[in-house]
Ligand SMILES: [Zn+2]
């Protein structure tokens with residue numbers, strides 16, 4: 001980062017142990033967690049490929065993101081190039097006078113067929129700037145080791161002149177919040193913010209048990225242009241343009257933290273079959289984002305109340321909003337939850353050069369999946385007298401996939417299929433839900449939320465604002481199930 005104002009990162013990659021006559025190098029065309037194909041290679045410039053002593057090597061391109069080097073017998077090869085980066089987001093990277101923030105898929109090439117190999121990263125920051133990522137363990141740490149390429153690019157990094165770093169412990173794990181704040185926050189608010197993050201972690205760990213890690217880091221940019229959240233194995237990256245104001249019940253960054261932390265299990269570890277290991281050479285189509293994103297959306301929204309940040313009225317309002325969208329969005333009659341998931345590369349972060357009819361033909365798998373999660377949670381709680389809930393379905397899915405024998409070099413267990421989801425839900429509900437899944441997950445029928453809410457003494461009120469009201473004549477049994485749902489308790 002020799003000249004931040006130019007937005008140009010200088011990258012140098014040394015590949016050792018080369019034995020072949022040609023060496024193919026690849027830059028990902030997409031970045032995990034955002035499904036559009038974005039072709040990061042368009043921002044690569046000034047490429048020079050040499051031996052370590054500076055002898056130039058010939059190379060060719062076979063497509064936009066793949067370079068093939070004629071090694072001419074060299075055993076070590078050095079790649080030098082610059083990457084233009086001027087976008088603070090969960091997918092792209094930025095380098096400017098305020099900070100550097102990168103997502104590795106856009107910066108770092110890999111050797112074809114060698115993603116499983118260990119890699120090291122050495123960072124050279126501008127003088128006086130501080131480095132922070134999910135793997136930072138000591139102050140001013142500039143050298144990092146990753147077990148494979150996937151972990152390198154799954155470790156977004158912030159480098160800035162001043163970072164606010166706090167930590168807390170939950171379930172014996174160290175959690176850190178790093179905030180790169182634009183300006184000076186009001187007195188006392190930083191403490192409240194960290195406390196709110198801790199509340200979310202406590203609740204979410206109670207759903208799926210503490211994740212298998214010793215350290216997790218929330219990387220926030222607050223008050224900078226943009227708005228995004230992105231999940232990673234040991235960290236999350238959250239960007240919110242609004243400043244912290246005392247009177248806000250949900251401080252900027254907190255709603256996204258509630259969502260992103262749920263991903264520590266849902267999608268990052270318990271994952272659809274196609275999402276780990278990853279194919280970075282082309283965009284990935286798969287049917288399960290309604291679980292990976294939709295359930296995360298549901299739990300993230302519920303977590304704000306269940307963790308003690310918002311009150312019950314906000315919880316009902318938030319859930320009524322999910323139901324309203326699921327019963328009114330025009331696109332819901334065009335795409336099923338599975339097909340909306342499958343088409344994610346068309347919509348999630350995709351540049352729309354071509355005018356589309358997306359507002360009528362697409363319905364977000366976030367909202368549709370949240371609606372299905374909400375329904376299943378209500379259904380299972382009512383059916384089991386609150387002995388079980390969607391938490392148990394998620395844990396059954398985790399058992400089927402995460403606890404299965406390792407399927408590849410990448411991480412633990414295997415990815416799940418749509419059949420795994422159906423079976424996990426059926427196990428917990430105590431009945432075969434195949435027909436239900438065909439009708440509402442593979443199909444496009446509207447769910448009967450009124451009936452499910454009525455079973456626990458709640459009423460859906462449609463109007464300008466949709467509301468959920470507690471029925472005054474609810475029985476003690478109904479109130480118990482209802483309180484279990486609202487509070488996120490079962491049994
Ligand atoms: Zn998400």
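Could you give the angle, 0 to 90 degrees to the nearest 10, between helix 365-383's Cα long axis and the longest principal axis of the Cα atoms of the chain?
40 degrees
Kindly state, to the nearest 0.05, the FRET efficiency for residue 312 paired with residue 406, given R0 = 51 Å and r defined as their beta-carbon distance.
Here the calculated transfer efficiency is 0.75.
Bin width 5 Å, alpha-carbon pairs only: give the P(r) of segment 235-329 as whole percents, running from 0 to the bin holding the largest distance.
In order of increasing distance, the bins hold 2, 11, 17, 19, 19, 15, 8, 5, 2, 0 percent.
With a ≥ b ≥ c taken as the square roots of the eigenvalues of the C-alpha gyration tensor of segment 358-491, please select rounded if a/c is under 1.5 and otherwise prolate if a/b is larger than b/c or oblate if it is not?
Here segment 358-491 falls in the oblate category.
Mind checking the full-extension length gain between residue 417 and residue 241? Use 0.36 nm per residue of separation minus the Cα-Cα distance, one decimal, nm.
So the extension gain works out to 59.7 nm.
Rounded to the nearest angstrom and ordered from largest down, what semi-axes does the equivalent ellipsoid of segment 4-159 get from its C-alpha gyration tensor (root of 5λ)?
25, 17, 16
Given a cut-off of under 8 Å on Cα pairs at least six residues apart, what relative contact order in percent is computed for segment 393-437?
35 percent
Sticking with the crude label model, points 7 Å out along Cα→Cβ, report the distance from residue 352 to residue 45 in nm, one decimal please.
3.0 nm
Give the peptides 383-393, 66-76, 293-303 in descending order of average Cβ contacts within 10 Å, highest first.
Top of the packing list down: 293-303, 383-393, 66-76.
Calculate, in nm to one decimal, what residue 55 and residue 213 gain on full extension: separation in residues at 0.36 nm each, minus their alpha carbon distance.
Difference between extended and current length: 52.5 nm.
Let me know the shape class of segment 430-483, please: from the alpha-carbon gyration tensor, a ≥ b ≥ c as square roots of the eigenvalues, rounded when a/c is under 1.5, otherwise prolate if a/b is greater than b/c, or oblate.
oblate
By how many nm would the segment from residue 273 to residue 167 lengthen if fully extended, with 0.36 nm per residue of separation less the alpha-carbon distance?
Net length gain for the segment: 34.8 nm.
Once you order the gyration tensor axes a ≥ b ≥ c over the Cα atoms, which shape class does segment 166-487 get: rounded for a/c under 1.5, otherwise prolate or oblate by comparing a/b with b/c?
rounded
Size of segment 247-301 along its principal axes in angstrom, Cα-based, largest extent first?
Answer, in whole Å and largest first: 46, 20, 16 Å.
Just from its helices, what would the mean residue ellipticity at 222 nm be for the chain, if runs of 4 or more DSSP H residues each count -39500 (n - 2.57) and the sum is divided by every residue, rounded to the nearest 500 deg cm²/dmol?
When only DSSP H runs of four or more count, the value is -9000 deg cm²/dmol.
Could you please state, rounded to a whole Å, how far the C-alpha centre of segment 83-158 is from the C-alpha centre of segment 393-427?
What the calculation gives is 30 Å, centre to centre.
Where does each of 119-132, 435-448, 246-259 land if you order them by average Cβ count within 10 Å, highest first?
Put in order of decreasing packing, that is 246-259, 435-448, 119-132.
With axes computed from alpha carbons, what is the tilt in degrees of helix 476-487 against the longest principal axis of the chain, rounded to the nearest 10 within 0 to 90?
Relative to the chain, helix 476-487 is tipped by roughly 20 degrees.
How far, in degrees from 0 to 90, does helix 294-306 lean away from the longest principal axis of the Cα atoms of the chain, to the nearest 10?
Its long axis makes an angle of about 70 degrees.
We did not get these values from a lab; they are worked out from the coordinates using the rules stated. These numbers were taken from a predicted model, which means no experiment stands behind them. All Cβ positions, even for glycine, are placed from backbone atoms using ideal geometry, and neighbour counts span all protein chains on display.
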